[in-house]
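The values are calculated or read from the model by the stated rules, or taken from the named source; none is laboratory data. Bear in mind that the values here come from a model prediction, so they are computed numbers and not experimental data. Quick reminder, even Gly has a Cβ in these numbers, built from the backbone with ideal geometry, and neighbours come from all protein chains shown. Just so you know, the surface numbers come from the protein's heavy atoms only, side chains and all, with ligands and any DNA or RNA stripped out. Shrake-Rupley method; radii C 1.70, N 1.55, O 1.52, S 1.80 Å.
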Amino acid sequence: MRMATALSVTVLAAGGIGHAVVTGLDTGITRVDPFKDMKNRPQAGHGMNVLVVGTDGRDRITPEERAKYRLGGAPCHCTDTVMLVHISEDRERASVVSLPRDSYAEMPEHTDLTSGKKHHAHPVKLNAAYAEGGPSLTVRTVESMTGVKIDHYLEVDFASFMRTVDAVGGVQICTTRPVKDSHTGLDLTAGTHELDGGQALQYVRSRHIDGAADIGRMQRQQRFLAALIERITSGGVLFNPVRFREVATTMLSSVRADEDFGTDQLLALSKAMRGFTPASSEFVSVPIGDMSFPVKGIGSTVKWDAAKAQKLFQALREDRPLAPASSSASSSSSSSAKAPKAVVVDVAPRTVRVQVYNGTRTDGLGRKVDDALRGTGFDTTRTPMTGAGKERARTLVEYDPRWDRSAKTLAAALPGAELRAVARRGGTLRVTVGADYKGVTAVRAEDAGRAGPFEAVTGDRVVCP
């Protein structure tokens, strides 16, 4: 989430303001060496790859800010957010790939920074790499998972994120429905909102709004980044040297970066990225195969779809766009117009985990419903089961009250189904198919701008109209 601070540095440099203004800005950056003694690294591709991480560091947060924005508690010294940012070789496109913090990862062999103990390769959640081995192990782990060579490393904490948003005058976020998270204190009505630094931090940290959890949070982070780029490129920051230096100094004052990221890199980007707009950016989350993959001793993890993820990272290495061209999008729209119209739902079906039970005496109906739900985008278990008890007349959807919006999305796909809240059921919704089942209705998320094989979206599609 706080990675927006670092990503924005490249956008700010796009104004081509000149060496006199940019020189010296990198003196406030705290340096780290994440590439020290690294061997057997992936082959370099085209363009530039930056690993941007947001840590939960809150040392410079005031007591008032802690209380107001609910930033209490002890930090885990891990990465809340991990993003792989690819700047195309022609400097006309920025591709941002969100990597879920709970991604299943194979930690390379390493020495623990705290205890000095040597560890063999072992499975972990991705965000644990930073806790065990800092920036170096984080880079090694991401390179191992993606096959993409990292050129630069940028790290941001809570305070620098808030200060950066305030420095650019806040960001504009639009919501079509009320958005509320009791954990972060986020409470937005439907409509357009101007968020300051603290409110923006609440927005990008929220993950208890619905069953979309981290997937929904990553999409909100992407919307925020697009809004930040829009504010910077259209708000006069780029073409006002004094304003530029003020904002850039705020951004870089608490960033941690590798030794080679400095003035020369900012100037090179500034010469090449003039005219950069939200449409020049594209956002995607790594394809998911299993949202709740259990690992002994670790718990539930997010397992990537290996085949789709490999194609995504190959596209990055080859410097290819992730979002389809506008002509493709038009063609897709025209073909989709012939298909049955999908019901617009609040929560993306791919973020809704479903276990299907056959509550009838019709053999194979459970498998048929599982396939149909998966066909319209739901994350089904693919292992339908036979329901216990007598045959059901009406299809039943059981859900944990915390996932009520996800339940409504599922109910929209099963017209006439009964909804029943069950405390502590967890994130997997249960469907018991009844004799009234007549088929699955196609549904689609409100964010219809995502398209192509990677469900990518350009920044201009997610900013406020």
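The one condition from (1) in a helix (DSSP H, G or I); (2) open to solvent by 50 Å² or more (accessible area, probe 1.4 Å); (3) in contact (Cβ under 8 Å) with a residue 24 or more places away in the chain; (4) under 24 Å from residue 98 (Cα atoms) that residue 406 does not meet is (2).
Filter segment 291-324 down to the residues that are part of a strand (DSSP E or B) and open to solvent by 20 Å² or more (accessible area, probe 1.4 Å) and list them by number. If you could, list the steps in order and put the result at the bottom.
Start the filter on segment 291-324 by keeping residues that are part of a strand (DSSP E or B), which leaves 291-295, 299-304.
Result: 291, 292, 293, 294, 295, 299, 300, 303, 304.
Whether any residue in segment 335-345 is modelled with pLDDT of 90 or more, touching a helix residue (DSSP H, G or I) at 6+ places or on another chain (Cβ under 7 Å) and not acidic (Asp, Glu) is what I want to check. No, because not a single residue in segment 335-345 is modelled with pLDDT of 90 or more, touching a helix residue (DSSP H, G or I) at 6+ places or on another chain (Cβ under 7 Å) and not acidic (Asp, Glu). Of all residues in segment 371-392, those satisfying the criterion of being over 22 Å from residue 405 (Cβ atoms) and not β-branched (Val, Ile, Thr) are 371, 382, 384, 385, 387, 388, 389, 390, 391, 392.
Taken together, 176, 192, 164 contain a single residue that is of a type in the set (Ser, Thr, Tyr), under 30 Å from residue 400 (Cβ atoms) and out of contact with any Phe, Trp or Tyr (no Cβ under 8 Å at 6 or more places or on another chain), which is 176.
Can you pull out every residue in segment 347-379 that is of a type in the set (Ser, Thr, Tyr) and under 16 Å from residue 412 (Cβ atoms)? Break it down stepwise before answering.
Within segment 347-379, the subset of a type in the set (Ser, Thr, Tyr) is 351, 357, 360, 362, 376.
351, 376, listed by residue number.
Conditions (1) in a helix (DSSP H, G or I); (2) open to solvent by 10 Å² or more (accessible area, probe 1.4 Å); (3) at pLDDT 70 or above; (4) not hydroxyl-bearing (Ser, Thr, Tyr), marked per residue:
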site	(1), (2), (3), (4)
214	yes, yes, yes, yes
223	yes, yes, yes, yes
226	yes, no, yes, yes
245	yes, yes, yes, yes
268	yes, yes, no, yes
279	yes, yes, yes, yes
289	no, yes, yes, yes
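Scanning segment 46-65 for residues that are open to solvent by less than 80 Å² (accessible area, probe 1.4 Å), closer than 19 Å to residue 154 by Cβ and assigned to a loop (DSSP other than H, G, I, E, B) yields 47, 56, 57, 58.
Among the strands (runs of 3 or more DSSP E) confined wholly to segment 74-151, which include 1 or more residues that are open to solvent by 30 Å² or more (accessible area, probe 1.4 Å) and at pLDDT 90 or above? Reasoning before the result, please.
Values: elements: 79-87, 94-99, 104-107, 122-125.
Qualifying strands (runs of 3 or more DSSP E): 104-107, 122-125.
When residues in segment 450-465 are screened for being open to solvent by 30 Å² or more (accessible area, probe 1.4 Å) and more than 15 Å from residue 220 (Cβ to Cβ), 7 of them pass.
Can you tell me which residue in segment 159-192 is nearest to residue 256 (Cα to Cα), limited to those that are in a helix (DSSP H, G or I) and among the polar types (S, T, N, Q)? Among residues in segment 159-192 that are in a helix (DSSP H, G or I) and among the polar types (S, T, N, Q), the one nearest to residue 256 (Cα to Cα) is 160. Please work out if residue 68 is of a type in the set (D, E, K, R), surrounded by fewer than 20 Cβ atoms within 10 Å (Cβ to Cβ) and closer than 27 Å to residue 40 by Cβ. Against the criterion (of a type in the set (D, E, K, R), surrounded by fewer than 20 Cβ atoms within 10 Å (Cβ to Cβ) and closer than 27 Å to residue 40 by Cβ), residue 68 does not qualify. In the set 361, 382, 394, only one residue is on the phi > 0 side of the Ramachandran plot, part of a loop (DSSP other than H, G, I, E, B) and surrounded by fewer than 18 Cβ atoms within 10 Å (Cβ to Cβ); that residue is 382. Within segment 247-266, being modelled with pLDDT of 75 or more and either surrounded by fewer than 16 Cβ atoms within 10 Å (Cβ to Cβ) or outside any helix (DSSP H, G or I) (or both) holds for 249, 255, 256, 257, 258, 259, 260, 261.
Out of all the residues in segment 366-379, which are over 23 Å from the mean Cα position of the chain (by Cα) and open to solvent by 20 Å² or more (accessible area, probe 1.4 Å)?
Narrowing segment 366-379 to residues over 23 Å from the mean Cα position of the chain (by Cα): 366-373, 375.
Once the filter is applied, which keeps residues that are over 23 Å from the mean Cα position of the chain (by Cα) and open to solvent by 20 Å² or more (accessible area, probe 1.4 Å), segment 366-379 yields 367, 368, 371, 372, 375.
If you go through segment 32-40 one residue at a time, do you hit one that is over 21 Å from residue 164 (Cβ atoms), at pLDDT below 80 and outside any helix (DSSP H, G or I)? Among the residues of segment 32-40, not one is over 21 Å from residue 164 (Cβ atoms), at pLDDT below 80 and outside any helix (DSSP H, G or I), which makes the answer no. Taken over segment 181-201, the criterion of being within 23 Å of residue 345 (Cβ to Cβ), of a type outside the set (Asp, Glu) and at pLDDT 90 or above is satisfied by 186, 188, 189, 192, 193.
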